[in-house]
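The structure appears right after this line, and notes come after that.
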Amino acid sequence: MGGFFASALKEDCVFDLFFGTDYHSHLGTRRAGMAVYGKDGFNRAIHNIESSPFRTKFERDLTKMEGYMGIGCISDYEPQPLIVRSHHGTYAITTVGRINNIDELSKKILDMNGTHFLEMSGGDINATELVAALINQKDNLVEGIKYAQDMIDGSMTMLLLTPKGIYCSRDKLGRTPLVIGRKEEGFCASFEAFAYLNIGYKDYKELGPGEICVMTPDGVTTLSKPGTKMRICTFLWVYYGYPSSSYEGVSVEGMRVRCGNRMARRDTLTKEDIDAVAGVPDSGIAHAVGYANESGVPFSRPFIKYTPTWPRSFMPTMQTKRDLIAKMKLIPVHELIENQRLLLIDDSIVRGTQLRETTEFLYQSGAKEVHVRPACPPILFGCKYINFSRSTSEMELIARRIINQEEGKVVERPVLADYTNPDTDKYHRMLDGICREMGFTSLRYNRLDDMLDAVGIPRENLCTYCWDGRE
């Protein structure tokens, strides 16, 4: 995943850029960067944030950088923003998204004009560098951005900082957001709408799918109108989004509370069956509050997430270490666990490793029962658009592993349709298998129709690929 922020002001923009970018630290864990343009031209800083938060790494740059326009990013993988010199002039670029056909596109560009790409430490090509190379195939930036959007299989939202303004381009189907804020001194662009509120901006506009704008200290001009088809990622509300943010006018926290309400309405457990409802911090908490409000079962916090020195950015890239750190962050409150029948709500179950260990940790701390209610349906397909999961194969997904055990073979897509329907026997056998493997007292997932109803925007505008394979 990743996040970004940009500012274009009639005065120095670095303060706003620093804090606006920092507000996206929940979206990335590996690299961060800022690039500004001012009287001395371009200036850029990129740092590793794997073991230290954004503010710690960039506070020295805050006093050294100067400019009236700038872009910043938090990245889960590639270093950016990049500064590119091309026939368009010099510009800085940052992106959020995923390119599934990166090998095909890089070969096409190499064959066309003999350019080269720098390999990163893992041997991969920097996706942002490839986007810049695609843009540079056309005669102007707008046509280049459109060309890149058309050629990319996946999703790509981008910001380009030029001496004349900041080009803002939301991905072609609007899978990720891009919003504009305004204040007297100028404008900002942001992934998360909440990121600009405390630095004085108010909502100005939300870019539509595929829309391209240019932002200057004096205004925002649409250069390419938005398309009519949208597939914004539903997982933004379920997990990724910060609670105080909103997308397409729908509050993240509000959606999660409604999601919990709807789970409680369908559940067969009652106040007589469980003693407390708890949410796995942080994203599971609002879902749990909604469930508790609807069911009448008391909300409880039987474990606390330790964050003073371990923000989300302090997460190793190795999955085994990430699981260990995630476990170490949770501190039990034994008085609220011992002899309790707990209903535990998490945002999702992906591989299952962390939630299994959390359940074991609750039993070891004295819980009598642990009933689990994920806030979204079983994840059957790896994301093709925004890299929300680090799974390298769909076979790492616990739901797929259990399905393969049930079928005695690797199951192809047509058969998986039966496992996405909560009214089929195969679906319930899958749930029973997951429940046994994870050691839960009981397991019941949220239904897709209930989850989408909690979002409240038309289903055709939402991406549900990871749950039902719908493109």
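Some values worked out for this structure:
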| read-out | value |
| --- | --- |
| Computed [θ] at 222 nm, helices only, for the chain once each DSSP H run of length n ≥ 4 contributes -39500 (n - 2.57) | -9000 deg cm²/dmol |
| Distance (nanometres) between label positions extended 7 Å along Cα→Cβ at GLU272 and LYS138 | 6.6 |
| Hz values of 3J(HN,Hα) by residue in region 61-77 - Karplus curve (6.51, -1.76, 1.60), Gly and Pro given as x | 5, 4, 8, 9, 8, 8, x, 9, 9, x, 10, x, 8, 10, 10, 7, 8 |
| Protection-proxy order for peptides 177-190, 264-277, each taking the mean of Cβ atoms within 10 Å per residue, highest first | 177-190, 264-277 |
| Estimated FRET transfer efficiency (ARG60, ASN461; beta-carbon r; R0 45 Å; 0.05) | 0.55 |
| Approximate spin-label separation ASN293-VAL410, in nm, with each point projected 7 Å along Cα-to-Cβ | 4.5 |
| Cα shape, region 169-302, gyration tensor, a/c 1.5 rule | prolate |
| Degrees between helix 252-266 axis and first principal axis of the chain (Cα, 0 to 90, nearest 10) | 20 |
| In Hz, Karplus ³J(HN,Hα) per residue of region 124-131 (6.51, -1.76, 1.60; θ = phi - 60°; x = Gly, Pro) | 7, 7, 5, 4, 5, 5, 5, 4 |
| FRET E, pair LYS107, LYS164, Förster distance 45 Å, beta-carbon r, rounded to 0.05 | 0.85 |
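We did not get these values from a lab; they are worked out from the coordinates using the rules stated. None of these values were measured; they are calculated from a predicted model. With ideal geometry, Cβ positions are generated from the backbone for all residues, glycine too; neighbour counts draw on all protein chains shown.
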